[in-house]
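S.K.: Just passing along the structure, written as structure tokens.
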């Protein structure tokens, strides 16, 4: 061990002196004294002369060791250090692993996600389609059923300040169980994009009623198996808010009798390289004729 601190060296010398004084009071000191006397007697010289000679030898040896050590340190400091190829290769390999790990963690050139990238319409948009029966004979396009499917949409806009397009937008709806990737109007597979200044309609759900709740948009054909249930429940005032996936498959429904039924749902809008928008949707089925759907933004 090398002691580079001069204060530590001074403390070491003081401690050595104290230990030497303690050593003189022990039986080992008496043993050393007798050993020196026996050696002086066998050499036929005085003990004091022998101690003086040994002191000169030890002092000269110490001075010689100090000179050699100082010369070695000076020569080593002036001599340029040659890099060890093995150490350099290991160091470069470690830096490469660290750089690769950083790329895998954040991605090459990836920007920090943008916050508040989405804008949200204050109201939920509703569109109405007349339901037609597919089993009507000699009726082009189907037979009117007196029922209407009202689709509720959430209007999501692009609020990025630099005019970039929001890409790979996806909206999920969930209440209990796995989130459902809902349909984006004018897009397929539940994936869309929003250019600057535009909005996308994300379907929250739909209600079948005997009244038009939203603006009339056209006609759609319903399956006869579904119509039998609507014809039984709607006249009784039993309404259902149906959530469908982007493929049009019914995933689950929120149902209730008139005067009851306030259902909360979790809605999340996400896209590439931006922070998601988390919403809470409330489906109020108190009024069976005109149910209300509202949305509040969490973050």
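The values are calculated or read from the model by the stated rules, or taken from the named source; none is laboratory data. What you see is a predicted model, and the numbers here were worked out from it, not measured in a lab. With ideal geometry, Cβ positions are generated from the backbone for all residues, glycine too; neighbour counts draw on all protein chains shown.
S.K.: Given the residues 176, 180, 171, 208, which is the only one that is closer than 19 Å to residue 283 by Cβ, in the same structural domain as residue 269 (by TED's automatic domain parsing) and touching a helix residue (DSSP H, G or I) at 6+ places or on another chain (Cβ under 6 Å)?
M.R.: 208
S.K.: Could you grab me the full set of residues in the range 183-222 that are more than 31 Å from the chain's Cα centre (by Cα), assigned to a loop (DSSP other than H, G, I, E, B) and either touching a residue at least 40 places away in the same chain (Cβ under 8 Å) or crowded, with 19+ Cβ neighbours inside 10 Å (or both)?
M.R.: 210, 211, 212, 213, 214, 215
S.K.: Continuing with the same structure: Which of (1) at pLDDT 90 or above; (2) surrounded by 14 or more Cβ atoms within 10 Å (Cβ to Cβ) does residue 234 not meet, given it meets every other one?
M.R.: The one condition residue 234 does not meet is (1).
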